[in-house]
1. If you stretched the chain out fully between residue 2 and residue 307, how much longer would it get, using 0.36 nm times the residue separation minus the C-alpha to C-alpha distance?
2. What distance in nm separates the simple spin-label points at residue 409 and residue 159, each placed 7 Å from Cα in the Cβ direction?
3. Set the Förster distance to 56 Å, then compute FRET efficiency between residue 258 and residue 391 from the Cβ-Cβ distance, nearest 0.05.
4. If you build a Gaussian network model of the chain, linking Cα atoms that sit under 10 Å apart, which residue out of 244, 109, 25 swings the most?
5. Leaving ligands, DNA and RNA out of it, rank 2, 164, 34, 295 by accessible area with a 1.4 Å probe, largest first.
6. Which value, in Å² rounded to 10, gives the accessible area of residue 232 with a 1.4 Å probe and all protein chains present?
7. With a probe of 1.4 Å, find how much accessible area the chain has per residue, and write the answer as a whole number in Å².
8. What do you reckon, how do 312, 255, 70 stack up by accessible area (1.4 Å probe), largest on top?
Amino acid sequence: MDKVCIITLGCKVNKYESDSIARMLEDNGFDTTDNLEYADYYILNTCAVTNEAEKKSRQYISKITKLNPKAKIIVSGCAVESNKNIFLNKNNVIGAIDYQRKDLILQLLLAKEFDITPLEKFNYNLINPKVNQTRAYIKIQDGCNRFCSYCAIPYFRGRSVSRDLDSIVKEANQLDNVYKEIVLVGIDMSDYRIDGQLALDKLMAALSHLSARIRLGSLEVSAISDSLLKQLKDMPNFAPHFHLSLQSGDNEVLKKMNRKYTREEYIAACNLIYKYFPDANITTDIIVGFPFETDDAFQNTIELVKEVNFGKVHCFPFSAKKGTVAAKYKDIDANIKKERMSKLETVAASEQLKYNSKFLNKKLSVLVEEEEDGYLVGFSDNYIKCYMNNNTNKYPIGEIVEVTAIKLKEEGLEVK
């Protein structure tokens with residue numbers, strides 16, 4: 001039996017697709033692993049959301065060939081859409097599969113032929129991922145229509161397409177027997193539609209019967225409404241964590257980013273979330289040093305972070321992506337970006353500690369996931385990282401346990 005190692009970079013959608021590829025291959029006689037180890041074939045599912053992500057995708061080719069100098073590597077994912085020839089020109093790469101043709105991976109491996117030119121796309125439904133983790137992911141949507149000025153993903157993934165409601169519910173029912181938590185993901189899941197109409201609330205209603213905890217992936221401000229929040233409030237299995245993309249807290253910068261909201265609308269969306277879920281964990285992404293970001297604009301972002309009290313901020317410096325509108329803008333000095341990154345990280349860390357401290361001596365429901373530095377770790381329903389003493393058997397991996405927060409840690413809470 002040939003062994004295939006599947007390496008995944010980037011977003012949760014990529015992870016879902018990699019696990020679906022693993023299921024496809026295992027159903028056809030291959031042995032798969034997601035650990036970087038010796039194998040007959042390697043599938044590298046790449047990311048290109050930033051220049052750094054694309055660089056990391058290329059570097060993995062070297063890691064694989066050091067491990068197995070005779071490795072046969074198939075590269076897929078967004079970085080292939082960005083620049084296929086960079087991968088095809090590397091030693092050991094036997095194929096670079098376009099995003100829309102991932103099902104060809106099975107054909108290539110079965111035929112042991114590595115020229116995709118004559119192969120026609122065939123319908124192999126990449127769903128029902130391999131069971132290999134403590135939480136499950138379901139992709140509900142793909143593609144994006146927003147065309148933010150800094151982002152190339154709409155060019156790689158295409159226009160927004162929503163998955164059929166019945167197929168989502170069917171897959172969720174199957175996963176409900178295996179997992180304690182299911183995460184809904186998509187490139188722009190806020191744009192999930194049924195019959196052309198926005199319908200994230202209807203989808204959530206259709207999943208409210210599940211025993212598994214239901215968590216939402218990244219959302220846009222436009223998705224936050226009374227209709228959605230009322231539905232989520234009525235669900236006993238909803239995990240109150242909202243990852244609400246921000247990118248900047250300044251209106252002029254948001255306009256240059258082609259984001260379709262203002263700072264005031266963002267804050268209003270957060271306040272609406274807190275109205276329904278006072279203990280909700282709101283997390284976000286922020287781009288630091290975007291062109292046109294003045295000192296005052298950056299300070300507006302700092303003030304918004306303090307006002308919202310994010311549970312976690314993922315911040316990263318702007319890096320122009322070739323082919324995007326923002327690549328034409330004049331970049332900001334790297335030292336200014338570095339200084340602003342440091343300031344924002346300090347403020348974000350302070351806000352995270354402030355949010356986490358609200359739960360000291362309170363009960364939390366934690367999904368136990370793995371061992372780390374002598375602890376068992378997992379995430380609460382509101383997505384606080386929790387650390388449990390590993391000297392007891394009362395925290396089984398893959399189960400949700402009721403615990404009490406006893407101590408603040410840098411990235412979360414120690415619980416017992």
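1. Gain in length upon complete extension: 104.4 nm.
2. 4.7 nm
3. Values: r = 52 Å, r/R0 = 0.93.
With a Förster radius of 56 Å, E is 0.60.
4. 109
5. Ranked from most to least accessible, the order is 295, 164, 34, 2.
6. 0 Å²
7. That works out to 45 Å² for each residue.
8. Largest accessible area first, the residues go 70, 255, 312.
The values are calculated or read from the model by the stated rules, or taken from the named source; none is laboratory data. Given the structure is predicted, the values throughout are model-derived calculations rather than measurements. When we count neighbours, we look across all protein chains shown, and the Cβ atoms used for this are built from the backbone with ideal geometry, even at glycine. Note: areas computed on protein heavy atoms with side chains; ligands, DNA, RNA excluded. Shrake-Rupley method; radii C 1.70, N 1.55, O 1.52, S 1.80 Å.
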